[in-house]
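Down below is the structure, laid out as structure tokens.
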Amino acid sequence: MASDPVTLNAFLTERLGAGGVVDDPSDLLRYTTDWAGDHRGKPLLVARPRTTEEVAEIVAHCRCHGIPMVAQGGHTGLVGGAQPDAERPELLISLERLNRIREIDPLNFTISVDAGCVLQSVKDAAMEHDCDFPLSFSAQGSCQIGGNVSTNAGGLNVLRHGMMRQLVLGLEVVLPDGRVWNAMHALHKDNRGYDIKQLFIGAEGTLGIVTGAVLKLTPRAQSTRTALVAVPDVAAALALYGQARRSCCDLLSAFELIPRACLELAFEAAPDLPDPFDTVYPVYVLLEVAASGSVDLDAMIEHLFEHGTTAGMVLDGVLAGSDAQAERLWQIRERMVEGQQLRGEHLRTDIALPISSLGDFFHAASRAMAARSPETMVIAYGHIGDGNLHFNLLPPADLDLAAKKTLLHELEAALFSLVDDYHGSISAEHGIGRVKQTSFLNGLNALERELFEGIRALFDPDELMAAGRILPRTR
Ligand SMILES: Cc1cc2nc3c(=O)[nH]c(=O)nc-3n(C[C@H](O)[C@H](O)[C@H](O)COP(=O)(O)OP(=O)(O)OC[C@H]3O[C@@H](n4cnc5c(N)ncnc54)[C@H](O)[C@@H]3O)c2cc1C
């Protein structure tokens, strides 16, 4: 047994060399404080391996000496999963130096990468070969492929291209005992029994450390049109979604709901951002169509606007005339998240519902929140083309922090109970981590829990890897 930090440090320094270990308290900060500043942890040390073999050696050492460990990617996860445990110190294994593009095959439409590649760098590499990796969201400049795999990330283009589950063809994983499971297949069809890679996708690092992935590419879009459309209400936004899916030749790639309050938050965070309309409207939709090859996207959008206006679904619309204008429209979507953050303590949720229930749910949930706390502000936006809402809550500003936390806790319980009534999910994209664990466990039946625990026990009987995420620790 050699789990004290000094011995571990000596082992890691010998194996990984200079720069492979971080132990200076000020350097540790960026690994221990999450994006929102909500969670802080304390690792034994941070290890920064450069190869799969180094990851395997570290994990085998930890297994042998009973040292708990957790993988960290870009540290943009929102449920506290990559945070080192504050109670039982873990070795934090950062994948940031395992960041090579291994191979691109433009004819097979695949890219093979190290798990520590930042998502944006994978998208850039694909572009050089006239392809795109379609996973896209505002954290793409920081999050890593291993983190995307482990959280089954989604984002803006899910309605057209799916989540990571649909985008991963092959994986390489270091199992909790240090063995390497190499299944870096680049096959679009493969029906050889159980699809083991799917177990690691969305497992939040509890079943192994992802070190490599083969990802599906799409042809690079040669033309894209972005529009902000003002609509009377959420029901009209949903009706417009149904129409757009049908009339845009299956080229619709994003469809985001943005109520007016969210625009105001974006302007708070970015006062220079112009309001694209002269009139204030209650609800907006940010939509995008994209195509490779020659398709008249302008005519497609104009037809959608005309039809939507006649049917009373569209009040007004702005079609971006340049990349810069499109970028400004997307800035509204990105900066509103920042504006929400600037307001201080708030509840962030990430729920999913059948798209056809979204309208009713939206109103029922808004009413339920208002009945419990009329001064709490509902900030509900999201990828409604996937039935995914960020139904977020800003508590009254005059409450002290403790009162805000208590109130938000009560409102969250009421909201999740309503999600249950509507047969929805409390986690559409972000996962369970530690933050959603209680609500997640409350929703599991006995059989589901037995299966979950059985899978974890098969891979990690000693509960050394990312223990306490998704399921509670038992030892
Ligand atoms: C502004 C903002 C916007 C966001 N928007 C979206 C969105 O639209 N859609 C969406 O899905 N998510 C979104 N997220 C959440 C987050 O970016 C994703 O969950 C992302 O996939 C996390 O990747 P990461 O590399 O940062 O992982 P981390 O935060 O480092 O880790 C996340 C989890 O994965 C595990 N993990 C990380 N790397 C590995 C590995 N190599 N092997 C095994 N386990 C690993 C960690 O232990 C942890 O449990 C957003 C986050 C922010 C801050």
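List of remarks:
- Angle in degrees between helix 446-459 and the longest Cα principal axis of the chain, rounded to the nearest 10: 50
- Environment charge of residue 271, counting only residues whose C-beta is closer than 14 Å and scoring Lys/Arg +1, Asp/Glu -1: -3
- Counting heavy atoms of the protein chains alone, residue 7 has an accessible area of about 60 Å² for a 1.4 Å probe.
- Distance between the C-alpha centres of segment 408-457 and segment 224-268: 29 Å, rounded to the whole angstrom.
- In segment 247-345, the trypsin sites (Lys or Arg not before Pro) that fall in loop regions by DSSP, at most 14 other Cβ within 10 Å: none
- Accessible surface ranking that places the most exposed of 31, 281, 422, 194 first, with a 1.4 angstrom probe: 194, 422, 281, 31
- Solvent-accessible area assigned to carbon and sulfur over the chain amounts to 52 percent, based on a 1.4 Å probe.
- The alpha carbon gyration tensor of segment 204-302 gives principal lengths a ≥ b ≥ c with a/c of 1.5 or higher and a/b no greater than b/c, which makes the shape oblate.
- Peptides 442-453, 159-170 ranked from most to least packed by the mean count of surrounding Cβ atoms within 10 Å: 159-170, 442-453.
- Extension gain for residue 14-residue 195 works out to 61.4 nm (0.36 nm per residue, less the C-alpha to C-alpha distance).
- Degrees, to the nearest 10: 401-421 long Cα axis against longest axis of the chain: 80
- Helix 297-310 axis, angle to the chain major axis (alpha carbon atoms, nearest 10°): 60
- GluC sites (Glu not before Pro) restricted to DSSP loop in segment 69-136 with at most 12 other C-beta within 10 Å: 87, 128
- Qualifying GluC sites (Glu not before Pro) in segment 211-306, where qualification requires a DSSP coil assignment and no more than 12 other C-beta atoms within 10 Å, are lacking entirely.
- Additional length obtainable on full extension of the chain from residue 6 to residue 24, 0.36 nm per residue less Cα span: 5.2 nm
- Whole-angstrom Cα spans of segment 377-439 along principal axes, big to small: 36, 24, 22
- Exposure rank, largest accessible area first [289, 21, 6; 1.4 Å]: 6, 21, 289
- Residues of the chain: accessible area per residue with a 1.4 Å probe, Å²: 43
- One quarter of the convex hull surface built on the alpha carbon atoms of the chain amounts to 23.3 nm², the projected area averaged over directions.
The values are calculated or read from the model by the stated rules, or taken from the named source; none is laboratory data. Just so it is clear, the structure is predicted and the values come from calculations on it, not from any experiment. When we count neighbours, we look across all protein chains shown, and the Cβ atoms used for this are built from the backbone with ideal geometry, even at glycine. Only protein heavy atoms, including side chains, enter the accessible area calculation; ligands, DNA and RNA are left aside. Shrake-Rupley method; radii C 1.70, N 1.55, O 1.52, S 1.80 Å.
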